[in-house]
Amino acid sequence: MKKSNPKKVEEFIRVDHAGERGAIKIYEGQLLALNTLIKDENLKKIIEEMKVHEKEHCDFFEKEIEKRKIQPTKLLPLWDLLGIGLGFGSTLLGKKAAMLCTASVEEVIDKHYLDQINQLESDEKKLKENIIKFRQDELDHRDIAYEKGATKQGPYFILDKIIKLGSKIAINISEKI
């Protein structure tokens, strides 16, 4: 039986925990805007539903961190603040920007999770199965975001690039520290 690289598995769990927690914070920022400044009950309902999935994902990775005695990224407080700020700010820009925020992040996560799936061996069957399921949830979120108005046209093209770059930087840093 081929074995997964233990150092890589530790990095996967650390970064996935940070990412899922970051997704929750983005949605919390969006909900904060929707509960205070912007009134859109339909958008609020969609975001609340997606947040439930992210919470399920985060809970799984939190249990893995505890079980395997993995140190979470030291930058969780910073990622929390940036996530809330990104969610709040994107929602202030309107529904298209809020939905693009979800789509852009999920497109990065899709590739990220697929890369992990391809590296995990049979000794990490449960972890791999969960990442496969979570990846599908993220793809569903991306599709919902496009159905609800996400676009990369005009100035949204720049927003997409900024969100994707920030997500990739957070992933690279969180894997290591």
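The values are calculated or read from the model by the stated rules, or taken from the named source; none is laboratory data. Since the structure is predicted, the reported quantities are computational estimates derived from the model, not experimental observations. Heads up, the Cβs are rebuilt from the backbone with ideal geometry, glycines too, and the neighbour counts pull from every protein chain shown.
Can you go through K152, K74, K63, K133 and tell me which one is in a loop (DSSP other than H, G, I, E, B), among the charged types (D, E, K, R) and under 24 Å from V9 (Cβ atoms)?
Details: K152 fails: under 24 Å from V9 (Cβ atoms); K63 fails: in a loop (DSSP other than H, G, I, E, B); K133 fails: in a loop (DSSP other than H, G, I, E, B).
Going through K152, K74, K63, K133 in turn, the sole match is K74.
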Restricting to segment 147-159, name every residue that is surrounded by fewer than 12 Cβ atoms within 10 Å (Cβ to Cβ) and small (G, A, S). G154
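Among the residues of segment 82-93, how many are out of contact with any Lys or Arg (no Cβ under 6 Å at 6 or more places or on another chain) and within 17 Å of H17 (Cβ to Cβ)?
Residues of segment 82-93 that are out of contact with any Lys or Arg (no Cβ under 6 Å at 6 or more places or on another chain), as a first pass: 82, 85-93.
From what's left, within 17 Å of H17 (Cβ to Cβ): 82.
Total meeting the criteria: 1.
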Members of segment 60-73 that are loosely packed, with under 12 Cβ neighbours inside 10 Å and either of a type in the set (D, E) or farther than 22 Å from I131 by Cβ (or both): E66
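Among the candidates I171, I144, I162, I117, single out the residue that is within 28 Å of K95 (Cβ to Cβ) and surrounded by fewer than 17 Cβ atoms within 10 Å (Cβ to Cβ).
Numbers: I171 fails: surrounded by fewer than 17 Cβ atoms within 10 Å (Cβ to Cβ); I144 fails: surrounded by fewer than 17 Cβ atoms within 10 Å (Cβ to Cβ); I117 fails: within 28 Å of K95 (Cβ to Cβ).
Step by step, each of I171, I144, I162, I117 is checked, and only I162 is within 28 Å of K95 (Cβ to Cβ) and surrounded by fewer than 17 Cβ atoms within 10 Å (Cβ to Cβ).
Would you confirm, using the coordinates I've provided, whether L78 is among the hydrophobic types (A, V, I, L, M, F, W, C), free of Cβ contacts under 8 Å to residues at least 40 places away in the same chain and either loosely packed, with under 15 Cβ neighbours inside 10 Å or farther than 30 Å from E124 by Cα (or both)?
Values: among the hydrophobic types (A, V, I, L, M, F, W, C): yes; free of Cβ contacts under 8 Å to residues at least 40 places away in the same chain: yes; either loosely packed, with under 15 Cβ neighbours inside 10 Å or farther than 30 Å from E124 by Cα (or both): yes.
Criteria met by L78.
Criterion first (surrounded by 17 or more Cβ atoms within 10 Å (Cβ to Cβ), polar (S, T, N, Q) and part of a helix (DSSP H, G or I)) does T102 satisfy it? First the steps, then the outcome.
On the way: surrounded by 17 or more Cβ atoms within 10 Å (Cβ to Cβ): yes; polar (S, T, N, Q): yes; part of a helix (DSSP H, G or I): yes.
Considered against the rule, which asks whether it is surrounded by 17 or more Cβ atoms within 10 Å (Cβ to Cβ), polar (S, T, N, Q) and part of a helix (DSSP H, G or I), T102 comes out as yes.
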Note: among H57, H112, just one is surrounded by 15 or more Cβ atoms within 10 Å (Cβ to Cβ), closer than 24 Å to N172 by Cβ, of a type outside the set (G, A, S) and touching a Phe, Trp or Tyr at 6+ places or on another chain (Cβ under 6 Å), namely H57
Before we move on, is L43 in contact with a Leu (Cβ under 7 Å, 6 or more places away or on another chain), surrounded by 14 or more Cβ atoms within 10 Å (Cβ to Cβ) and under 20 Å from G149 (Cα atoms)? yes
Go through (1) surrounded by fewer than 20 Cβ atoms within 10 Å (Cβ to Cβ); (2) over 17 Å from E138 (Cα atoms); (3) modelled with pLDDT of 95 or more for V52 and report which single condition fails. (2)
Please indicate, with yes or no, whether at least one residue in segment 26-34 is of a type outside the set (A, V, I, L, M, F, W, C), within 13 Å of the chain's Cα centre (by Cα) and buried (at least 22 other Cβ atoms within 10 Å of the Cβ). yes
Mind checking whether some residue in segment 161-175 is in a loop (DSSP other than H, G, I, E, B) and at pLDDT 95 or above? no
